[in-house]
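Reading through the structure tokens given below for one structure.
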Amino acid sequence: MATERYNAREAEARWQGVWDEKEIFRTRNDNPKPKYYVLEMFPYPSGRIHMGHVRNYTMGDVVARYKRARGFNVLHPMGWDAFGMPAENAAMQNKVHPKDWTYENIATMRAQLKSMGLSLDWHREFATCDVDYYTQQQHLFLDFLKAGLVYRKQSKVNWDPVDQTVLANEQVIDGRGWRSGALVEQRELTQWFFRISDFSEDLLSAIDDLDRWPDKVRTMQRNWIGRSEGLKVLFEFDGEAPAGHDTLEIFTTRPDTLFGASFMALSPDHPLTATLMDGNPELSAFVEECRRMGTSVATLETAEKRGFDTGLRVRHPVLEGETLPVYVANFILMDYGTGAIFGCPAHDQRDLDFANTYGLPVRPVVLPPEADADTFAIETEPFTGEGTLFNSDFLNGLSIADAKDAMARHLEERTLNGTPQAKREINYRLRDWGISRQRYWGCPIPVVHCEDCGVVPEKAENLPVRLPDDVTFDVPGNPLDRHPTWNQCSCPSCGKPARRETDTMDTFVDSSWYFARFTAPWHDRPTEPDTADAWLPVDQYIGGIEHAILHLLYSRFFTRAMKETGHLSLKEPFKGLFTQGMVVHETYKDADGQWVNPADLRFEGDGADRKAFLLEGDAEVTIGSIEKMSKSKKNTIDPTDIMNSYGADTARWFMLSDSPPDRDVIWTESGVEGAHRFVQRVWRLVAELKASAATDKPASMDGEALAVQKAVHKTLASVEKDIEGLRFNRAVAALYELTNTLSSALAKNKGDSAVTWALQDGFLIFVRLFAPMMPHLAEECWQALGQDGLVSEAEWPELDESLLVEDEITLPVQVNGKKRADLTVAANATQDDIETAALALEPVQRILDGKAPRKIIVVPKRIVNIVA
Ligand code: ANZ
Ligand code: ZN
């Protein structure tokens, strides 16, 4: 029988039209069903969607469609993370306005996403560059300001003198600007900060309860917050103290190593350094040089450790009569601890490098477990492991933990100039979040600078502070700064002429609350608090591991800050988090070593004999390693090409099928073709089934009919579990298996009406099981099988638990502790039946050799043990 091929392109457009017209994915906030909020990280509108998006959004869509079928009121929105540098770069390079560039990209990408058949509520769509969105963000800023969650401070920034812009640490490469190549300067700018560090402890301890987050992300967040328990210790100067500095305070996490101290080091930005620079040009020159090097952690870790001996000395707190030299050193940060340390070279790598450069003593005080105290020495590797204290007077013999405590107690009881010499302190690595950017394409910070009143927040009723459209990008720097009129305004407090803040907000601010905005994007306040509380937290958030730290941490902070300012009343925005793997692909290089795109190639052969040739000219190219799809390596596949040739369902199915969703998936042409063959096969089976006569449900089922029913319900049970557990590849595997079962039952069936009924019923279940993954094909099959309504609105099939009971079980049979055979018996076989059957097995009889067994033990449903 000839069947028509399934025409994916035609069918997909048609069903998308039906869904749209019926608005079946429009979510009502007043729907009384239980809520489920599934969200994928919204895209940056860079131009076109890539395969990573396809993978990400397909996973979210499976969850959304599944939960809808399970009776939830599902929120599944989409928007655009639309502010940022690339739009300005495009403006500089291609003379296109950032706004036009952004909205054009959004239009292209929206159309691409729509062609994927995602069950999104497009009525809630917004872009963060929409005036409406950033107006509400400005309201949030003002509310945070009022609540003391925002402040201004001077801070050091990397300044690119050519591009006239602040650079993030990652944009400084070997001391030069990443774009301009100019030597980067350190500048002090007054910038706006969010007080995220006030929440350090709360952000840290709440990680314990995020039990539906991947462990690796929880660990990364903990490390980023970086709690350390330490001690602040006062050191007394030997001889006359420098003016204005009675003592030198340091922070250490290793007070146990104090007997091994051999120097002190100050940050170049320490106040004492500033005092000493006065009248000391050599020190000033050294400090200048340190500043040029930059302050990124990466730079500090890798740069050569350098110092300047100030000539000052301090008294060792516990070694009577000993003094230690005070250096200014390039690896000490001012904004951690107290900006000063004691160095113990034997037990810290940086201190050891430093000591070896300046010929300072290296005295080990912690002895490794097996080492000999008389011969143990440190040369180029410090010892940082567990051990026992030695060379340390009253600490000798103690563990590190006990020695830390003993030293802390000892110093806490002593005083220096009337204050205790030591104080226990908890420090966090997490710094306040600097949000000022000297850029145009971002949310304007709604404050005004008045000569009389200082910094004045804009009045809420004057919002939005709109971005001007008439800006130029022909010279470097911030277009808002040089705008002829935009930055002139009147002071909200005294009414006199004043100047607008020209900094805009870090784009991470935009993405820190969009999930809350989706709950009521039409509202004229940032949120409708009751609605936000009803929808949040996001039940399942899905995105890339690259956002494991900053985006998630900032969103967790924002949720807390929005709680403090009454915009919602919970603390944690994302209940479940899933980080998907990447899409990877082979790479190809031509004879000149240039990357070649797979679209320009043809392939021959298989396995080790597989070869690739250029379509043009037919030269052979080298097949290289499998790498993350990237434009630079030209190993990308355009999702639209795939959807045009195979359809969205094929792309979706393949994305889900090949690897566990948290691992990388290798995109291969043969894999896509396999997925496409499956689509056609399902369609052919439906056509065949349609040809069979209608039957009524038989009174009872047995034989082949029962077997079909059981296979269907077994698959139903596992697909359910696998989607709930986000193991989409396993759900796909179960569906492949079921297809084989249905297909052979269909082929064998010679008009048995019970089997026909089981197949017809089974197919209606089967279609609903793959509908979350291949929704268009599912609609087409649903209709072909004579069902009313849309499968996208159909309920999930009901599981018949009684069909999951296995009739037979297989037990391993051991003789004298060694497995000899498998025994298959009826699931309800008695103890006696099992013993008899086990003893009758050929391998068992051979060992028993005619003798009766000494003992036979049947562990029900597990194992049979025979002692010969
Ligand atoms: C003495 C010592 C001996 C240290 C030893 C370490 C090992 P965490 O654990 O990350 O908090 N430190 C303190 N302030 C610093 C600053 N502003 N810039 C650079 N380094 C600083 O790190 C704390 C340790 O880092 C402190 O403990 C201090 O060195 C150093 F065998 O004190 B330690
Ligand atoms: Zn004023």
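Label reach from R179 (point 7 Å along Cα→C-beta): in the stretch 467-483, amide nitrogens under 17 Å belong to 471-483. For the chain, with all protein chains in place and a probe radius of 1.4 Å, 47% of the accessible heavy-atom surface sits on carbon or sulfur.
How many angstrom separate the Cα center of the stretch 529-586 from the Cα center of the stretch 347-375? Using only Cα atoms to place each centre, the spacing works out to 45 Å. Coupling constants for the stretch 535-552 follow from the phi torsions by the Karplus curve (6.51 cos²θ - 1.76 cosθ + 1.60, θ = phi - 60°), and in residue order they are 7, 7, x, 4, 6, 9, 10, 10, x, x, 5, 5, 9, 4, 9, 4, 4, 5 Hz; glycine and proline get x. Taking chymotrypsin sites (Phe, Trp or Tyr not before Pro) across the stretch 477-522, the ones in a DSSP loop with at most 16 further Cβ atoms lying within 10 angstrom of their Cβ are W522. Within the stretch 536-559, which residues have the backbone N less than 20 Å from the label spot 7 Å out from R218 along Cα→beta-carbon, could you tell me? The answer is 537-557, whose backbone nitrogens lie closer than 20 Å to the label point.
Surface exposure of the chain, expressed per residue as accessible area with a 1.4 Å probe, stands at 46 Å². Using alpha carbons only, how many degrees (0 to 90, rounded to 10) separate the axis of helix 98-115 from the longest principal axis of the chain? Taking Cα atoms only, the helix is inclined about 20 degrees. As I understand it, the dipole of the chain uses +1 on the Cβ of Lys and Arg and -1 on the Cβ of Asp and Glu, about the Cα centre. Which of G244, A707, W122 lies farthest toward its positive end? The residue sitting farthest along the positive end of the dipole is A707. Taking GluC sites (Glu not before Pro) across the stretch 4-85, the ones in a DSSP loop with at most 12 further Cβ atoms lying within 10 angstrom of their Cβ are E4, E23. Between the Cα long axis of helix 400-412 and the first principal axis of the chain there is an angle of about 40°, rounded to the nearest 10. The residue among T830, A852, I863 whose Cα reaches farthest toward the positive pole of the charge dipole of the stretch 742-868, with charges on the beta-carbon of Lys, Arg, Asp and Glu, is A852.
Farthest toward the positive end of the dipole of the chain, out of M582, P368, T190, is the Cα of M582, where the dipole comes from beta carbon charges about the Cα centre.
Kindly provide the Kirkwood hydrodynamic radius of the stretch 640-766 in Å, to one decimal, from all pairs of distinct alpha carbon atoms.
About 15.8 Å for the stretch 640-766.
Can you bin the stretch 460-619 into rounded, prolate or oblate? Criterion: square roots of the alpha carbon gyration tensor eigenvalues sorted a ≥ b ≥ c, rounded for a/c under 1.5, prolate for a/b above b/c, oblate for the rest. Since a/c reaches 1.5 but b/c is at least a/b, the shape of the stretch 460-619 is classed as oblate. Multiplying the residue separation of A599 and E806 by 0.36 nm and removing their Cα-Cα distance gives an extension gain of 69.6 nm. A Cβ-based charge dipole, computed about the Cα centre of the stretch 303-354 with Lys and Arg at +1 and Asp and Glu at -1, lands at about 100 debye. Summary of the geometry: the stretch 137-167 and the stretch 68-94, compared by the centres of their Cα atoms, lie 24 Å apart. Nearest 10 degrees is fine. How inclined is helix 85-94 to the longest principal axis of the chain, computing both from alpha carbons? Approximately 90 degrees, to the nearest 10.
Arrange the peptides 665-676, 569-580 so that the one whose residues have, on average, the most other Cβ atoms within 10 Å appears first. Walk me through the numbers before you get to the answer.
On the way: 665-676: 17.2, 569-580: 19.4.
Put in order of decreasing packing, that is 569-580, 665-676.
Which lysines does K631 reach when only Cα atoms under 18 Å apart count, and residues fewer than 8 places away in its own chain are ignored? In chain and number order, the partners are K589. Computed about its Cα centre, the charge dipole of the stretch 105-260 is approximately 720 debye, with only Lys, Arg, Asp and Glu carrying charge at their Cβ.
Place the peptides 307-316, 610-619, 50-59, 216-225 in order of packing, highest mean first, counting for every residue the other Cβ atoms within 10 Å and averaging per peptide. Don't jump to the answer; show the numbers that get you there.
On the way: 307-316: 18.8, 610-619: 11.8, 50-59: 22.8, 216-225: 16.0.
Descending packing order for the listed peptides: 50-59, 307-316, 216-225, 610-619.
Per-residue extension of 0.36 nm, minus the Cα-Cα distance of R499 and Q680, leaves a gain of 58.6 nm for this segment. Bridging of K146 to lysines at a Cα separation below 27 Å is possible for K156, K459, K496, K563, K571, once same-chain residues fewer than 8 apart are set aside.
Beyond 45 Å, how much of the Cα-Cα pair distribution for the chain remains, as a whole percent? Summing the P(r) tail past 45 Å for the chain gives 47 percent. When peptides 111-119, 752-760 are sorted by average Cβ neighbour count within 10 Å, with the highest value leading, the order is 752-760, 111-119.
A P(r) calculated from all alpha carbon pairs of the stretch 275-390, with 5 Å bins opening at zero, reads 2, 10, 17, 20, 20, 15, 9, 4, 2, 1, 0 percent.
For the chain, what does -39500 (n - 2.57) per DSSP helix run (n ≥ 4), summed and divided by total residues, give at 222 nm, in deg cm²/dmol to the nearest 500?
So the helix-based figure for the chain works out to -10500 deg cm²/dmol.
Of the GluC sites (Glu not before Pro) found in the stretch 771-840, those that fall in a DSSP loop while having at most 12 other beta-carbon atoms within 10 Å are E795, E798, E806.
From the Cα gyration tensor of the stretch 69-159, with a ≥ b ≥ c the square roots of its eigenvalues, which class applies: rounded if a/c is under 1.5, or else prolate if a/b is larger than b/c, or else oblate? Since a/c reaches 1.5 but b/c is at least a/b, the shape of the stretch 69-159 is classed as oblate. Inter-label distance, E798 to R152: 6.7 nm, where each label sits 7 Å from its Cα along the C-beta direction.
For S46 and K690, what does the FRET efficiency come to when R0 = 56 Å and r is the distance between their Cβ atoms, rounded to the nearest 0.05? That pair, S46 with K690, gives E of 0.80.
So if I average 1/r over every pair of distinct C-alpha atoms in the stretch 24-127 and take the inverse, what Kirkwood radius in Å does that give? If you can, show how the numbers build up before the last one.
Working: mean 1/r = 0.0676 Å⁻¹.
One decimal place: 14.8 Å for the Kirkwood radius.
Among the listed pairs K714/K861; K153/K633; K710/K818; K575/K634, those whose Cα-Cα separation exceeds 31 Å are K153/K633; K710/K818; K575/K634.
Computed from backbone phi, the HN-Hα couplings of the stretch 809-818 come to 10, 10, 10, x, 10, 9, 10, 6, x, 10 Hz, rounded to whole numbers (Karplus: 6.51 cos²θ - 1.76 cosθ + 1.60, θ = phi - 60°; Gly and Pro given as x).
The values are calculated or read from the model by the stated rules, or taken from the named source; none is laboratory data. Remember, predicted model here, so these are calculated numbers, not experimental data. Counting neighbours? That spans all protein chains shown, and the Cβs are built from the backbone with ideal geometry, glycine included. Each accessible area value is taken on the protein alone, full model and side chains, heavy atoms only, with ligands, DNA and RNA left out. Shrake-Rupley method; radii C 1.70, N 1.55, O 1.52, S 1.80 Å.
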